[in-house]
Amino acid sequence: MEKSSISPEMLSRFHDVEENLKAIRFQMEEAALQSGRSPEDVILMAVTKTVPVEIINHALSLGVDYMGENRVQELNSKYDSLSREGKHIHLIGHLQTNKVRQVVGRVEMIQSVDSVRVAQAIAARSSELGRNTDVLVEVNIGNEESKSGIAPDAAYELICQISEFDGINVQGLMAIPPADCEIAQTIKYFDEIYKLFIDIGSKNTHNNSYTMKHLSMGMSADYAEAIKHGSTMVRVGTALFGRRNYSK
Ligand SMILES: *Cc1c(COP(=O)(O)O)cnc(C)c1O
């Protein structure tokens, strides 16, 4: 697209994304260094629900290599217009078994696996397409009834079961701690999930059917703390794109 055909409003949003991205990268670097890790070891994922494609593509052009959508339908409506070359697209929202066919083959990773049933469907469809889909197991770290994700004490067993399936690679854990907590409480959740991540990784001595490579935790309000407490991937929406407008 020619710059001249872009509205002033859009240009101003592009500019905001550039500034926000610089600030986020800076904070991520500081947090990684403080936790004794290299900044390259922590991935920034842009969370793009409600964000127009032009703005997503602008963020991708600035070097954001990972993007996550929540809903299959929204992902599919944007998919053909995304600048996908060399980029990693993940599904991060709850996935119903009956939507699996609409998303496998389009995303590199599904971060929200929380049942044998959905894992089985992802594996079957992936095999049918002759490919592999990476998955993370979503852990309901606060044991919240309203939330998806598997209970922390059931995560290991689920991983053992589903990592046997052809067509999927289990690569780690994803968690969304309860909203509206004090940061000190959120940090306790981060520490719990990190411990689980390390425990499950250390049990993987006899086979290599899964890896604990990614720990996806931390969002706009707490990504720096999440990194300090072991996150390898932060999922950032609002801090990058501004407040979401759900009205459109
Ligand atoms: C929306 C969303 C995010 C990003 O939330 P922000 O607070 O806007 O950064 C991260 N992860 C998931 C699963 C989400 O749905």
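Just a few scattered comments:
- Pairs of lysine residues in the chain that meet both criteria, 8 or more places apart or on different chains and Cα atoms under 20 Å apart, total 19.
- Top positive-direction residue, dipole computed over the stretch 53-156 with Cβ charges, set 133, 90, 151: 133
- Cβ-based exposure ranking for 228, 49, in which fewest neighbours within 10 Å come first: 49, 228
- In terms of overall dimensions, the chain has a Cα radius of gyration and Dmax of 17.9, 59 angstrom.
- Under Karplus coefficients 6.51, -1.76 and 1.60, residue-wise ³J(HN,Hα) of the stretch 24-36 in Hz, glycine/proline x: 5, 4, 4, 5, 5, 4, 4, 5, 5, 5, 4, 9, x
- Point-charge dipole on Cβ atoms (K/R +1, D/E -1) for the stretch 3-239, about Cα centre, debye to 20: 560 debye
- Top of 237, 86, 167 by mean-square fluctuation, Gaussian network on the chain, Cα under 10 Å: 86
- Positive minus negative residues near residue 202 (Lys, Arg vs Asp, Glu; Cβ under 15 Å): +2
- Rg to Rh, two decimals, where the stretch 129-248 supplies the alpha carbon set and Rh follows Kirkwood: 1.00
- Taking the alpha carbon gyration tensor of the stretch 8-151, multiplying each eigenvalue by 5 and rooting it gives semi-axes of 28, 20, 15 Å, largest first.
Read the figures in this text as sums done on the coordinates, not as results from a lab. Because the structure is a prediction, the values reported are computed rather than measured. Because the Cβ atoms are built from the backbone with ideal geometry, glycine has one as well, and the counts that use them run over all protein chains shown.
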